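The values are calculated or read from the model by the stated rules, or taken from the named source; none is laboratory data. Keep in mind it's a predicted model, so treat the numbers as computed, not measured. Don't worry about glycine lacking a Cβ; one is built from the backbone with ideal geometry, like all the others, and counts go over all protein chains shown. In case anyone asks, the SASA skips ligands and DNA or RNA and just uses the protein heavy atoms, side chains included. Shrake-Rupley method; radii C 1.70, N 1.55, O 1.52, S 1.80 Å.
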Amino acid sequence: MLRRLLSRALARRLPAGAHYSTTPIFVPTTAFYRQSSYFSSSTSSSQIPDSNIVQHLEDEGVLNRPFSSEPSASTISIDRSGLCNPPAHSHEPSSDSELVKHLKGIIKFRGGPITIAEYMEEVLTNPKAGFYINRDVFGAEGDFITSPEVSQMFGEMVGVWAMCLWEQMGRPEKVNLVELGPGRGTLMADLLRGASKLKNFTDSLHVHFVECSPALQKLQHSTLKCRDEDNKADGVEKSSVSSLTGTPVSWHPTLEQVPSGLPTILIAHEFYDALPVHQFQRASRGWSEKMVDLAEDSTFKFVLSPQPTPAALYLMKRCKWSSSEEIANLNQIEICPKAMELTQTIAERISSDGGGALIIDYGLDGVVSDSLQAIRKHKFVDILDNPGSADLSAYVDFRSIRHAAEEVSGDVSVHGPMTQSQFLGSLGINFRVEALLENCTDEQAESLRSGYWRLVGDGEAPFWEGPDEEAPIGMGTRYMAMAIVNKKHGVPVPFL
């Protein structure tokens, strides 16, 4: 894979790693002071009217006639000329997928292009054919790999962060532990296993998964070794108990449906990067939104909107959060209104209920220019090619997350971003890998070193002796971590 491309998308598209131990881990809070180092689809699943019918009605003036309470004096003429000689009709199956037909139907019905954000949301979360909805897209057999799939140490370190925040919160007896877009559930399973010896912590938890994919819900249920409960709480779509720690687990399609009123610890790992983005391009008339339209050959193409669009309001807000010099040097700007709105929802909950949120993703601490990419089977493909068959993701604008959180509430504080390498290193991943290396086979040791490098390294691993194309690529400096916490809890580890 080209190094230039690898530097853009990086480690979330890496070969699968292995889990090595189910030994619980608990690092005392004092250890850290020694270290130096939702969305749900907004589109309807209802049928889109056939564009030919709509066009016919417009041509006949039916859609443009003024309303009248008087009966029409005109007569209806019926053309029967085609009854004996019906027009030729092809019964050959269309090569377009159902999602492609749906997207084309939306564009034709509207009579114009759709935003990239609308396109992205349909491609990823369409209820019938979205990329994330009906299959497992993670791991070596999927389309990309995330940090929890690389090594069990990632979930364990996130668990250490959650335990430390729980300590700073005063060890509440009941806590909502929420994960947005939990994938296979690997991160949460490793978190619970690692924290299993601190029973007061695990007994306080109620895990809430925000997941809209039925296929992934089943995987998460299996990964956490859940058994279903007969009695379900009000408003809970599905409720079970994880046999790993006896922790109750519930599933919800959106964050808003997670019960409030309890302190919340929220984890969003590689969730923000899949939220739909709007792209703007500098043109002679100013900033114009980039849209998706149909070309003459019925394929998808990019066009620029000739008129201002509603997303321009978010563009103006994002520009106010930046210096004029930063904006002047850009020809394209990418914004994510859903990220701003989600952050404000999180900040409001933390402000009212207490707790904190951890956001880990790949992105920038500044304006994002043009980062939207598509990956299918671990390879980059065209964004408009066969929509629904590839993952779409974009860099996270961490600075806009900070401003969005601070704007909605003065009761929360935002910390970071810091690199993933700094975050994991300060939480004690070096001690953890050394402990695991003491009791493993040579093959396991090689996997441990490879996984460790992927999590905290930068570039190709210097110890690698195998084929260049299989060399572990570190994501330690490209992924970033940020925390949003209630101010009454102080500064969270390791952002001290």
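Things to note:
- Using θ = phi - 60° in the Karplus curve 6.51 cos²θ - 1.76 cosθ + 1.60, the 3J(HN,Hα) couplings for segment 469-485 round to 5, 9, 5, x, 10, x, 10, x, 9, 8, 8, 10, 10, 9, 10, 10, 9 Hz; x is entered for Gly and Pro.
- Pairs from LYS101/LYS290; LYS218/LYS379; LYS320/LYS488; LYS104/LYS290; LYS128/LYS218 whose Cα-Cα separation, in the structure shown, is over 19 Å: LYS101/LYS290; LYS218/LYS379; LYS320/LYS488
- Using the Cβ of ILE350 as centre and a radius below 11 Å, the other residues enclosed give a net charge of 0, where K and R count +1 and D and E count -1.
- Formal net charge of residues neighbouring GLU98 (Cβ-Cβ distance under 12 Å; K, R +1; D, E -1): +1
- Sites GLN344 and ASP442, calculated FRET efficiency, Cβ-Cβ separation with R0 60 Å, nearest 0.05: 0.75
- Distances between placed amide hydrogens fall under 5 Å for LEU266 paired with VAL178, GLY356, ALA357, LEU358, all partners being 5 or more residues away or on another chain.
- Rounded if a/c under 1.5, otherwise prolate or oblate - segment 379-465, Cα gyration tensor axes: oblate
- Segment 319-327 - phi-based ³J(HN,Hα) in whole Hz, Karplus 6.51/-1.76/1.60, Gly and Pro as x: 5, 5, 7, 10, 7, 5, 5, 5, 6
- Sequence of THR186, THR441 when ordered by accessible area, the most exposed leading, probe 1.4 angstrom: THR441, THR186
- Heavy-atom accessible surface of segment 440-496: percent carbon and sulfur, 1.4 Å: 46
- A simple count of charges around LEU437, restricted to other residues whose Cβ falls under 13 Å of its Cβ and scoring Lys, Arg +1 and Asp, Glu -1, yields -3.
- Distant-in-sequence amide contacts of GLY363, defined by a placed amide H-H separation under 5 Å and a gap of 5 or more residues or a different chain, comprise VAL396, MET480.
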